[in-house]
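The values are calculated or read from the model by the stated rules, or taken from the named source; none is laboratory data. Quick caveat, the model's predicted, so the values are computed rather than measured. Here the Cβ positions follow ideal geometry from the backbone for every residue, glycine too, while neighbour counts run over all protein chains shown.
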Ligand SMILES: Cc1cc2nc3c(=O)[nH]c(=O)nc-3n(C[C@H](O)[C@H](O)[C@H](O)COP(=O)(O)OP(=O)(O)OC[C@H]3O[C@@H](n4cnc5c(N)ncnc54)[C@H](O)[C@@H]3O)c2cc1C
């Protein structure tokens, strides 16, 4: 099949909060904008049943309703949307970057990558059944309010796991932290380890991995397997938080722009990557806080900088 070619000022890869915000700004700046989304417009935020930390919605809002508003606003301002995956990119010809999709090769002067990523899973039995709203969470800031007086299991042994467990201890009654190895192999830094060990609500369970998530419609216990002996035990819990890593969706970009060893795209504060005219925003970039509020800030910055970049190449101005 011979592919069609189509031309834009800016292509945004990923229709989550960062991409939708970038589209609002580039649309408003009258740049011919295309957003490519491979699965669902709204991104990861749309799987949240209640967002209570996004400004402007004091009684909370569902992720779906919030991102629908972002989408509506971007469309009203002129951004176009295609539900298709960016399969391959070519960043070698400046001012004519290409994004290859199933039917079409899209060309643009500038590209904003907002492809996000997905939290890593344990692959234990029944995990899919309890994801997000059914008892397995990935974000303490987002879901802590639902943990008031609850018994929680945190899975993970790095800084993120312990920091989030300490944060959750302000809400929960009891928090168990399951670690696959023994105490000597905790990955978290010494200071956070000692803070966690001194917190009376936290208890470490060493040499344990989750073998199964259990419950009827909502998670009510986990089966834990001893990684040394293979024996199993059941731990009743109200909610489980997984902090075992995050996989940025950066594979198709990794060989053309600088990424960290974990696959996050490196940018400066203007969201510029190592290649002129290629920007990255939101959860896919190397940064410390991954929230809707930070994703939209990144998206706005990337769009404004990309607009200036296009101005500079169109009018032969010095580089931004
Ligand atoms: C269950 C859950 C609840 C959350 N709750 C909250 C909360 O209450 N408050 C809060 O602030 N944050 C919350 N977060 C975090 C928040 O959702 C993220 O920080 C935010 O969505 C990041 O936005 P993003 O646009 O960078 O990436 P994403 O939302 O991950 O969007 C990336 C998009 O890019 C698409 N994509 C990827 N690769 C390609 C490709 N090759 N071609 C085309 N499209 C592609 C993906 O399909 C996806 O739609 C939650 C996250 C989850 C998972």
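Among the numbered criteria (1) within 30 Å of residue 210 (Cα to Cα); (2) touching a strand residue (DSSP E or B) at 6+ places or on another chain (Cβ under 9 Å), which one does residue 87 miss?
Condition (1) is where residue 87 drops out.
Among the residues of region 263-275, is any outside the structural domain of residue 100 (by TED's automatic domain parsing) and in contact with a helix residue (DSSP H, G or I) (Cβ under 6 Å, 6 or more places away or on another chain)?
Within region 263-275, not a single residue is outside the structural domain of residue 100 (by TED's automatic domain parsing) and in contact with a helix residue (DSSP H, G or I) (Cβ under 6 Å, 6 or more places away or on another chain).
Given (1) within 14 Å of the ligand (Cβ to nearest atom); (2) touching a helix residue (DSSP H, G or I) at 6+ places or on another chain (Cβ under 7 Å), identify the lone condition not met by residue 83.
For residue 83, the failing item is (2).
Based on this model, can you work out whether residue 173 counts as surrounded by fewer than 19 Cβ atoms within 10 Å (Cβ to Cβ) and farther than 27 Å from residue 38 by Cβ?
Details: surrounded by fewer than 19 Cβ atoms within 10 Å (Cβ to Cβ): yes; farther than 27 Å from residue 38 by Cβ: yes.
Here the answer is yes, as residue 173 does meet what is asked.
Cβ-Cβ under 8 Å, sequence separation 6+ or interchain: first residue in region 225-242 and within 13 Å of residue 176 (Cα to Cα), partner in a strand (DSSP E or B) and at pLDDT below 95. Which pairs?
239/137; 240/137; 241/137; 242/119; 242/137
Return the residues of region 168-187 that are without any contact (Cβ under 8 Å) to a residue 40 or more places away in the chain, in contact with a strand residue (DSSP E or B) (Cβ under 9 Å, 6 or more places away or on another chain) and not in a loop (DSSP other than H, G, I, E, B); say none if nothing qualifies.
Within region 168-187, 174, 175, 177, 183 meet the criteria.
Of everything in region 216-256, what is under 16 Å from the mean Cα position of the chain (by Cα) and under 13 Å from residue 152 (Cβ atoms)? Give them in sequence order.
Taking region 216-256 and keeping what is under 16 Å from the mean Cα position of the chain (by Cα), we get 241-251.
Passing the criteria: 241, 242, 243.
Say we look at region 9-35 and pick out the residues that are in a helix (DSSP H, G or I) and in contact with a strand residue (DSSP E or B) (Cβ under 7 Å, 6 or more places away or on another chain); which of these is surrounded by the fewest Cβ atoms within 10 Å (Cβ to Cβ)? Walk me through it before giving the result.
Restricting attention to region 9-35, the residues satisfying the condition of being in a helix (DSSP H, G or I) are 17-28.
Add one more test, that the residue is in contact with a strand residue (DSSP E or B) (Cβ under 7 Å, 6 or more places away or on another chain), and what stays is 19, 22-23, 26-27.
On the way: 19: 34, 22: 34, 23: 31, 26: 32, 27: 22.
It comes out as 27.
Can you name every residue in region 141-174 that is closer than 25 Å to residue 280 by Cβ and either within 12 Å of the ligand (Cβ to nearest atom) or at pLDDT 95 or above (or both)?
Correct list: 141, 142.
Of the residues in region 217-269, how many are closer than 20 Å to residue 147 by Cβ and assigned to a loop (DSSP other than H, G, I, E, B)?
Applying the first criterion (closer than 20 Å to residue 147 by Cβ) to region 217-269 yields 217-222, 224, 235-244.
Okay, now just the ones that are also assigned to a loop (DSSP other than H, G, I, E, B), so 217-218, 237-238, 243-244.
Here the count works out to 6.
Filter region 28-70 for residues that are within 13 Å of the ligand (Cβ to nearest atom) and closer than 24 Å to residue 97 by Cβ and give the result. Please lay out each step first, then the result.
Here is the first cut: in region 28-70, the ones within 13 Å of the ligand (Cβ to nearest atom) are 34-57, 60-67, 70.
34, 35, 36, 37, 38, 39, 41, 43 - these are the residues of region 28-70 that are within 13 Å of the ligand (Cβ to nearest atom) and closer than 24 Å to residue 97 by Cβ.
Give the number of residues within region 270-297 that are over 13 Å from the mean Cα position of the chain (by Cα) and either away from the ligand (no atom under 14 Å from the Cβ) or in a helix (DSSP H, G or I) (or both).
Summing the residues that are over 13 Å from the mean Cα position of the chain (by Cα) and either away from the ligand (no atom under 14 Å from the Cβ) or in a helix (DSSP H, G or I) (or both) in region 270-297 gives 9.
When you scan region 107-138, how many residues do you find that are part of a strand (DSSP E or B), away from the ligand (no atom under 11 Å from the Cβ) and over 30 Å from residue 8 (Cβ atoms)?
First, the residues of region 107-138 that are part of a strand (DSSP E or B): 107-113, 117-119, 125, 131, 136-137.
Narrowing further to those that are away from the ligand (no atom under 11 Å from the Cβ): 107-111, 125.
Add one more test, that the residue is over 30 Å from residue 8 (Cβ atoms), and what stays is 125.
Going through region 107-138 one residue at a time, the tally reaches 1.
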